[in-house]
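Have a look at the structure below before the remarks.
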Amino acid sequence: MIRLALPRLFNLAAIALLAVAALSGCSAMVAQNPSTPLRPVNAVAIGDEARVMLAGHDVVAYFTQGRHALGSAAYQSQFEGVGFHFASAEHKALFDAAPQKFLPQFGGFCANGIVYGIPWGGDADTWLMLDGKLFIFGGQGSKDGFLLDVPSNRALADRYWADEVAGSNSIWQR
């Protein structure tokens, strides 16, 4: 009886360790899901800041300079519990005056991933301006896939985001 109980005890301990290991990565979910209306977001912890959008890339630079640029903690703002870094004081002022204008679509997650119901991180250097809105992608292949049928892909992504991520069915909200 003792011989049978010992392996079973080890199995239970192994399962418990696996569960702890699996849940230890959940701090990223907290960073990506602040308890504010702006969620989920493609945000990471940088220094003392728990949630920094797009790993500190300047969201205003896409609109004003037509390129991605890494922001600086010297120029930062908070909006809806998420930190934003900017390359200049001018960009910070523009964002502070109208933050909604500069927010990336789908929380900064890969727009093509959202088409397929997969909210995964986007790369700040692969992006598209479309109808005055910023779309981030997970890489050039993902952007190319989205560009194959922009109207259909955008409609699918918008519907998924509204119904599943921001809506009442959202696993993010559970």
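How about the stretch 86-98: which of its residues are open to solvent by 10 Å² or more (accessible area, probe 1.4 Å) and touching a Leu at 6+ places or on another chain (Cβ under 9 Å)?
Of everything in the stretch 86-98, just one residue is open to solvent by 10 Å² or more (accessible area, probe 1.4 Å) and touching a Leu at 6+ places or on another chain (Cβ under 9 Å), namely Ala87.
I'm checking my understanding of the structure. Among residues of the stretch 65-80 that are among the aliphatic types (A, V, I, L, M) and part of a strand (DSSP E or B), which one is least open to solvent (accessible area, probe 1.4 Å)?
Ala73
Looking only at residues in the stretch 120-167 that are over 19 Å from the mean Cα position of the chain (by Cα) and open to solvent by 70 Å² or more (accessible area, probe 1.4 Å), which one is nearest to Gln100 (Cα to Cα)?
Looking at the filtered set, the residue picked out is Asp131.
List every residue pair whose Cβ atoms sit under 6 Å apart, with the two residues 6 or more apart in sequence or on different chains, where the first one lies in the stretch 86-109 and is under 19 Å from Arg51 (Cα atoms) and hydrophobic (A, V, I, L, M, F, W, C) and the second, anywhere, is at pLDDT below 95 and part of a loop (DSSP other than H, G, I, E, B).
Phe109/Asn42; Phe109/Pro119; Phe109/Gly122
The values are calculated or read from the model by the stated rules, or taken from the named source; none is laboratory data. All of these numbers come straight from a predicted model, not from anything done at the bench. For neighbour counting, all protein chains shown are included, and Cβ atoms are generated from backbone atoms with ideal geometry for every residue, glycine included. To get the accessible areas, we keep the full protein, side chains included, count just its heavy atoms, and leave off ligands, DNA and RNA. Shrake-Rupley method; radii C 1.70, N 1.55, O 1.52, S 1.80 Å.
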